[in-house]
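The values are calculated or read from the model by the stated rules, or taken from the named source; none is laboratory data. Because the structure is predicted, anything quoted here is derived from the model rather than measured. Glycine also receives a Cβ, built like all others from the backbone with ideal geometry; neighbour counts cover every protein chain displayed. All accessible areas refer to the heavy atoms of the entire protein, side chains included, with ligands and DNA or RNA removed. Shrake-Rupley method; radii C 1.70, N 1.55, O 1.52, S 1.80 Å.
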Amino acid sequence: MTMRSARSKTVHMKAGIRDTRALIDARADLVGRPPTGPVTWNLPYAQPNGRLMLRTVLREEHVECATVELGDGAITLRGVLCGGRRIEPGALFVVSRRGPHGKNFTVPVEVLGRHAFRAHVPVRRVVDHRLERWEDWDWWLQPDPHDRRKVRVCHLLEDFPDVKGAYAYPSLPLTGDGISDLAVIHPARPVWVRPYCSASGAMAMNVVDR
């Protein structure tokens, strides 16, 4: 952020005391009562050199991740759909492999209301159908089973700028039950699956043979 007066050049503003507690309450309200229209989120923050910055998020539609839990060989996600659509019966949680050998796996979600859901990530299928020693799988929601449009699962509405660094999830060790006929590398076991939040706020998971 910069300032300029009639008698001076443009100068960068320095950050002073920043109280973002109101954003915590705003996030809780949004997760509890998701909006049915576009979401705007303004976050003031300071760079390491002290300059005051403003991060602005405007999304017509996205899924805000509420919780991620690991245990018993599974990952469980709870989220809310923000936007004009609602979650219909038969809605699907989708994981999509990045890269030239894209593949999707889907599981039905547990609908918790017009805009809230719980999903169990299909980790086992991802592990058994991996092609490389390191893969990234993105998380999506298909709110309507009869409409193929997907919505990205994200962590966007926070009171701090470095979402990727703040959410450090543990890894889940799994042993693959089978090898795909198309596998180009046969990994050693076990395979480690770790959810993460990208620098842009999008949720995904690593599938890594170590």
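Tabulated results
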quantity: Spatial separation of Cα centroids for the stretch 31-69 and the stretch 101-137, in angstrom; calculated: 24 Å
quantity: Residues with amide H under 5 Å from that of Leu172, placed H, sequence gap 5 or more; calculated: Val193, Arg194
quantity: For peptides 35-43, 110-118, sequence by mean Cβ density within 10 Å, most packed first; calculated: 110-118, 35-43
quantity: Accessible surface of the stretch 66-210 [probe 1.4 Å, protein heavy atoms]: carbon and sulfur percent; calculated: 51 percent
quantity: Computed label-point distance, nm, for sites Asp72 and Arg133 using a 7 Å Cα→Cβ extension; calculated: 3.4 nm
quantity: Sites Thr56 and Thr175 - FRET efficiency at Förster radius 45 Å, r taken between beta-carbons, to 0.05; calculated: 0.50
quantity: Amide hydrogen neighbours beyond the local backbone of Ala66, cut-off 5 Å, H modeled; calculated: Arg78, Gly79, Val80
